[in-house]
Amino acid sequence: MSRQATQATQATQAGPGPDPNPDTRARHVLEFPGGYTRSTGPVIGRFLTGLRAGRVLGVRTADGRVLVPPTEYDPLTAAALGGADEDWTEVGPAATVTTWTWVDDPRPDHPLDRPFAWALIRPDGADSALLHAVDAGSKAAMATGMRVHPTWRADRVGSIKDLACFVPGEGPAEVPALAAEREADDPVTMITVPSRLEYRLRPGTVWNRFIDGMAEGRIRGTRCTTCGKVYVPPRAACPADGLPATEWVDLPDTGVLTTFAVNNVPAAGAPEVPFISGYVLLDGADIAMLVLVSDVPWQDVRLGMRVRAVWVPEAERTRSVKNLRWFAPTGEPDVPFDRFEEYV
Ligand SMILES: [Zn+2]
């Protein structure tokens, strides 16, 4: 992994004043900032190198099938594919739609900003189909079995997006000259792909009560009424025995650091690097909680360190876990490892 996943959380409350059933939604973003960089391997690399040249390449199996996009192994026999030049062949450019679905409302990252079809498209000469967009203008213009051909970008870099989309008809499929000077023989070996997930989370009863406590500078957990274990953040059911954990407990905001990491990659919502993330076992809890640790040089952080929560000033608090800024050392003697080892 070339970059660290970061998670940013923002809680919002709709409507003024206290609400017995607040409509709270947290907007989350989980992403590799700048994209996820990976090596392609020789087979995908050759396919992408072909796309940069405006050609769709397939790989041939031992029994003569041509697979597009190429796979590194034959899905039927598991034999390695694409090891020799003669295993490769150009397919298309004309192709046949084998199945499709219409997209009325394209999302920001979709290949087209107008309604289009996602389709499985089998290029002439291939025995399999690749997934791509068809710009047919309207749903009525789409049909299984319709003939299409690719359109290409001029700013090709060795990406599936070099093939802008497919359009109805046999062609011709013109390939514009590359906009940028490139080494035509320089194979594509690395790609950076976007990796970002946005979602909204609506807390249930248990989480609402937890962040209500956070708004008051209190850390609330739940206790399993069967085995007695205390969970924080709270759970509605005990993960150990599956039974309800319905008894609420207010936990102190002190505990022991059971493990930690020194982070050298910036993360949204975290202090400047290097910053410390770690697990704190609150006094009276039976599970450690993931938190930030600060107000201490990173070289001085150690397992067993006694810590206390640092809260944002009361006037700045919202219904959010962000009220708990981080944990800082209390100065008390360290806790021996054997007292918390089962929580590491
Ligand atoms: Zn239990």
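The values are calculated or read from the model by the stated rules, or taken from the named source; none is laboratory data. These numbers come from a predicted model, not from an experiment. Cβ placement follows ideal geometry from the backbone for every residue including glycine, while neighbour counts extend to all protein chains displayed. Only protein heavy atoms, including side chains, enter the accessible area calculation; ligands, DNA and RNA are left aside. Shrake-Rupley method; radii C 1.70, N 1.55, O 1.52, S 1.80 Å.
Quick notes on this structure:
- Each label was represented as a point 7 Å from its Cα along the Cα-to-Cβ direction; for residue 330 and residue 86 these points are 7.6 nm apart.
- Gyration tensor verdict on the stretch 36-193 (Cα atoms; rounded if a/c is under 1.5, prolate if a/b is larger than b/c, oblate otherwise): oblate
- Taking amide hydrogens as placed 1.01 Å from N in the peptide plane, the amide H of residue 40 sits under 5 Å from those of 190, 191, each at least 5 positions away in sequence or on another chain.
- Counting Lys and Arg as +1 and Asp and Glu as -1 over every other residue whose Cβ lies under 12 Å from the Cβ of residue 260, the net charge comes to 0.
- Calculated FRET efficiency for the pair residue 37/residue 124, C-beta based, R₀ 41 Å, to 0.05: 0.75
- With R₀ fixed at 45 Å, the C-beta to C-beta distance from residue 259 to residue 186 puts the FRET efficiency at about 0.50.
- With 0.36 nm allotted per residue and the present C-alpha distance subtracted, the residue 236-residue 104 stretch has 43.6 nm of extension available.
- By DSSP, the beta bridges lying fully in the chain are antiparallel in about 95 percent of cases.
- Förster-model FRET efficiency, 25 Å R0, residue 298 and residue 338, C-beta, rounded to 0.05: 0.50
- Remark: the residue 71-residue 225 segment gains 50.1 nm on full extension, using 0.36 nm per residue and subtracting the alpha carbon distance.
- At a probe radius of 1.4 angstrom, the accessible area of the stretch 142-275 per residue rounds to 55 square angstrom.
- Gain upon complete extension [residue 28, residue 174; 0.36 nm per residue less C-alpha separation]: 48.3 nm
- Nearby aspartates and glutamates by direct alpha-carbon distance to residue 229 (threshold 13 angstrom, same-chain neighbours under 8 apart not counted): 241, 247, 283, 286
- A straight Cα-to-Cα reach below 18 Å connects residue 139 with the aspartates and glutamates 104, 105, 113, residues fewer than 8 places away in its own chain not being considered.
- Rg [Å, one decimal], Dmax [Å, integer] - the chain, C-alpha atoms: 27.7, 78
- Taking the accessible area of the chain, probe 1.4 Å, and keeping the other protein chains in place, the carbon and sulfur fraction comes to 52%.
- Across all Cα atoms of the stretch 207-343, the radius of gyration (one decimal) and Dmax (whole number) stand at 15.1, 43 Å.
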